[in-house]
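Visitor: Below are the structure tokens for one structure; questions will follow.
Derivation of every value follows stated rules applied to the coordinates shown; laboratory data play no part. Only a predicted model underlies this, so the values are computations on that prediction, with no experimental measurement involved. Heads up, the Cβs are rebuilt from the backbone with ideal geometry, glycines too, and the neighbour counts pull from every protein chain shown.
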Amino acid sequence: MAEHKVGIIMNGVTGRMGTNQHLIRSIVAIRKQGGVKLADGDTIMPEPILVGRQEHKLRALAEAHQLSRWSTNLDECLDDPSNRIYFDSQMTNYRADSVKRAIARGKHIYCEKPTGATLQESLELARLAAAAGVKNGVVQDKLFLPGLLKLKRLVDAGYFGKILSVRMEFGYWVFEGDWQPGQRPSWNYRKEDGGGIIVDMFAHWRYVLDNLFGAIRAVSCLGMTHIPRRVDEQGFAYAATADDAAYATFELEGGIVVQANSSWCVRVNREDLLTIQVDGTEGSAVAGLRDCKTQHRANTCKAVWNPDIPNPYHFQEQWQNVPDNQLFDNGFKVQWELFLKHIVIDTPFPWGLLEGAKGTQLSDLGLQSWRERRWIDVPDLTL
């Protein structure tokens, strides 16, 4: 039994998402479990080197998790042949340049989304990787959430019959930063720094809808900047120049209609921060991050509109929970394990940089729809 050590340059992991999901809950967790186990008894052991601009943060993070390698010099890390993978979770505006440098050095690419600031930039990365022959992947974390895995199980089983519509509600109140610190970085609300909920969330909605229900064919989107002034991490007020809410409708292949609200200016009165309701001719389902519940055609109550009497129905009690039927690991970790297997033993990994470009495409078209106040078709995207 052999151990396959894989050096990974992890650029941008001092940020919230990079630290928690990619480093601690994925790479460190994989190392603690003894690596990724392969069918022949071999293991894959990730060997990360933490890269960033602030030496004190990198050193503290490495020491906290018993890691020996960190650096503020990306080029030196790229020149080291033991580092086979380049991972990027920097701010979006910095990503494309670093990924290009990694591709030019022959590194395999795994990165967060959006993969670029524009569709042209994201497509260029996909084409460069294809021309260089390097393997590549983009984080599609929501596909591995327990609630969405249960929902996919229902779709694959034909539970819904003909799917008619999907309603997605995502968001929560992000504090403005004056009387309570905000839960998200201030750059999220500055367009000039790559912020905005359309750029952030439409990349997610693209792969969720494409993989669960069918390809997106058209989009209509209205964006808003509901909170025009916020306070940053240093206590300074700034103008919020990016959208903090988006109200969209998507048309999918087969005529499925999707309504998707995304907002950082909404107070939650639902069962989860993300809920997806699917209605079909044979049944319906509502999925959150971890849970999923159903109502079959035969169990649907015969509701009657009558506002003159108290509501006689307890609607939410009429749904049944979909059982787990399996153990669910952290979604980021699961996808990291799949990508590491893709690198070492060439197992399939369908979520490459082209899929990332599709997410950027939807963001661009959503912004265009908002500017022009009209429906926009979503053309097929190829290299």
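Visitor: Could you list, in their original order, any pairs among Lys57/Lys358; Lys135/Lys293; Lys100/Lys150; Lys142/Lys302; Lys142/Lys162 whose Cα atoms are separated by more than 29 Å?
Guide: Lys57/Lys358; Lys135/Lys293; Lys100/Lys150; Lys142/Lys302
Visitor: Sort Phe87, Phe236, Phe328 by Cβ crowding within 10 Å, fewest neighbours at the top.
Guide: Phe236, Phe328, Phe87
Visitor: A further question on this structure: Which entry is the computed semi-axes √(5λ) of the Cα gyration tensor in Å for this structure: (i) 35, 22, 19; (ii) 36, 26, 21; (iii) 30, 26, 22?
Guide: Correct label is (ii).
Visitor: Can you tell which of Ile309, Gly366, Asn93 lies farthest toward the positive end of the dipole of the chain, using +1 and -1 charges on the Cβ of basic and acidic side chains (Lys, Arg; Asp, Glu)?
Guide: With unit charges placed on the Cβ atoms, the residue in question is Ile309.
Visitor: Find out how many positive minus negative residues lie around Leu119, taking Lys and Arg as positive, Asp and Glu as negative, among other residues whose Cβ is under 10 Å from that of Leu119. Working shown, then result.
Guide: On the way: positive: Lys358; negative: Glu121, Glu124, Asp364.
So the environment of Leu119 carries a net charge of -2.
Visitor: How would you rank 30-36, 153-159, 215-221, highest first, on the average number of other Cβ atoms within 10 Å across their residues?
Guide: Values: 30-36: 16.0, 153-159: 14.0, 215-221: 19.6.
The most tightly packed comes first, giving 215-221, 30-36, 153-159.
Visitor: Which whole-angstrom value gives the distance between the alpha carbon centres of segment 226-266 and segment 109-124?
Guide: Here the two parts' Cα centres lie 20 Å apart.
Visitor: How high is the relative contact order of segment 178-255, given as a whole-number percent (alpha carbon pairs under 8 Å, six or more residues apart)?
Guide: Across segment 178-255, relative contact order equals 38 percent.
Visitor: In the P(r) worked out for segment 8-107, what percent of Cα pairs fall beyond 24 Å? All intermediate terms of the calculation are to be shown ahead of the outcome.
Guide: Numbers: 1017 of 4950 pairs.
For segment 8-107, the fraction of Cα-Cα distances above 24 Å is 21 percent.
Visitor: Relative to the Cα centre, what is the charge dipole magnitude of segment 1-158, using +1 at the beta carbon of each Lys and Arg, -1 at the beta carbon of each Asp and Glu, and rounding to the nearest 20 debye?
Guide: On the way: 23 positive and 17 negative charges, 100 e Å.
For segment 1-158, the charge dipole is close to 480 debye.
Visitor: Angle between the Cα long axis of helix 146-156 and the longest principal axis of the chain, 0 to 90 degrees, nearest 10?
Guide: Computed tilt is about 70 degrees.
Visitor: Residues with beta-carbon under 10 Å from that of Leu78, excluding Leu78: net charge, scoring Lys, Arg +1 and Asp, Glu -1?
Guide: Value of the local net charge: -1.
Visitor: So, one more: Could you work out which residue, out of Glu355, Glu63, Glu317, moves most in a Gaussian network model of the chain, that is, has the largest mean-square fluctuation with Cα springs under 10 Å?
Guide: The residue that fluctuates most here is Glu317.
Visitor: Oh, and also: Sorting Ser98, Ser89, Ser363 on the 10 Å Cβ count, fewest up front, what's the list?
Guide: Details: Ser98 20, Ser89 23, Ser363 29.
With the fewest neighbours first, Ser98, Ser89, Ser363 line up as Ser98, Ser89, Ser363.
Visitor: While we're looking at this one, here's another question. Can you give the charge dipole size of the chain about its Cα centre, rounded to the nearest 20 debye, using +1 on the beta carbon of Lys and Arg and -1 on the beta carbon of Asp and Glu?
Guide: 180
Visitor: Here is a follow-up. Taking only Cα atoms, what is the 0 to 90° angle, nearest 10, from helix 353-372's long axis to the longest principal axis of the chain?
Guide: The angle comes out near 50 degrees.
Visitor: Oh, and also: Below 8 Å, C-alpha to C-alpha, sequence gap of six or more: please give me the relative contact order for the chain in percent.
Guide: After rounding, I find 20 percent.
Visitor: Sticking with this structure for a sec: Quick one: helix 197-212 against the long Cα principal axis of the chain, what's the angle to the nearest 10°, folded into 0 to 90?
Guide: On a 0 to 90 degree scale, this one is about 80.
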